[in-house]
Amino acid sequence: MPEIKVFNRWGMEGIKVDDFGLQPYLTLQPRIVPKTGARYAGSRFHKSKTFIVERLINKIMVPGHKSKKHYKSSGHITGKAQTSYLIVEEVFRQIEKTTKENPIKVFVKALENAAQREEIVTIEYGGARYPKAVECSPQRRVDLALKYMTQGAYHRTFNTKKSIISSLAEEIISAYRLSSASHAISKKLEIERQADSSR
């Protein structure tokens, strides 16, 4: 049986997840058409069995909420799967051109680097509220990394002439290189610093 390649271009050989906690939650099994159409939306952990590139495509359609408000809802955020598919394909081409490496490998490593290990919850005790550091579950680590990557990319393009393709490519490359220019990396460091101080 011939090998299935991502976008019929990039193979998956030699790509692995080094973080043992994230291994069951980063699916590296490519699909010919990365679109399950939310078939498993009702199953609690089934999204982690979805190919990781498809999850990025879905996240570009709906980048999530920020401060309990819908973040940005114009431009490329239309819910059009084909638009998101083409954006991600072009992003990977740009990453390959910049880094001279397999873009899927760069993306997976960037996700590992951007996945925060701790976060803050607020507990109420005797009428007063206190921040408390808690460990972040592996599935939530991946979810947050994807969310912050796409939100950071959209924030760079908002009210500028910069395209979402170049912004998202920069975001992924910065996260791969552990640079604080990446919104996901800077957010991770900020939250872990707050968690450390609230122990």
Those residues of segment 83-98 which are crowded, with 20+ Cβ neighbours inside 10 Å and over 16 Å from Met61 (Cα atoms), in sequence order: Phe92, Ile95
Go through (1) touching a strand residue (DSSP E or B) at 6+ places or on another chain (Cβ under 8 Å); (2) within 30 Å of Leu86 (Cβ to Cβ); (3) free of Cβ contacts under 8 Å to residues at least 60 places away in the same chain and name the single condition Gln151 misses. (3)
Restrict the check to segment 148-168 and report whether at least one residue is at pLDDT 90 or above, among the charged types (D, E, K, R) and touching a helix residue (DSSP H, G or I) at 6+ places or on another chain (Cβ under 9 Å). no
If Glu101 satisfies all but one of (1) out of contact with any Leu (no Cβ under 6 Å at 6 or more places or on another chain); (2) surrounded by fewer than 22 Cβ atoms within 10 Å (Cβ to Cβ); (3) closer than 22 Å to Gln23 by Cα; (4) in contact (Cβ under 8 Å) with a residue 40 or more places away in the chain, what's the number of the condition it fails? (4)
Of all the residues that make up segment 122-144, how many are in contact with a strand residue (DSSP E or B) (Cβ under 9 Å, 6 or more places away or on another chain) and within 21 Å of Asp196 (Cβ to Cβ)? 12
From the options Thr150, Thr157, residue that is in contact with a Leu (Cβ under 8 Å, 6 or more places away or on another chain) and among the polar types (S, T, N, Q): Thr150
Can you tell me which of (1) among the hydroxyl-bearing types (Ser, Thr, Tyr); (2) at pLDDT 90 or above; (3) in a loop (DSSP other than H, G, I, E, B) is the one Tyr85 doesn't meet? (3)
For segment 116-131: of the residues being exposed (fewer than 11 other Cβ atoms within 10 Å of the Cβ) and among the charged types (D, E, K, R), which is nearest to Glu190 (Cα to Cα)? Arg129
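For the subset of segment 36-55 comprising residues that are crowded, with 16+ Cβ neighbours inside 10 Å and either out of contact with any Ser or Thr (no Cβ under 9 Å at 6 or more places or on another chain) or of a type in the set (Gly, Ala, Ser) (or both), which member is modelled with the highest pLDDT?
Looking at residues that are crowded, with 16+ Cβ neighbours inside 10 Å and either out of contact with any Ser or Thr (no Cβ under 9 Å at 6 or more places or on another chain) or of a type in the set (Gly, Ala, Ser) (or both), I get Val53.
The values are calculated or read from the model by the stated rules, or taken from the named source; none is laboratory data. These numbers come from a predicted model, not from an experiment. With ideal geometry, Cβ positions are generated from the backbone for all residues, glycine too; neighbour counts draw on all protein chains shown.
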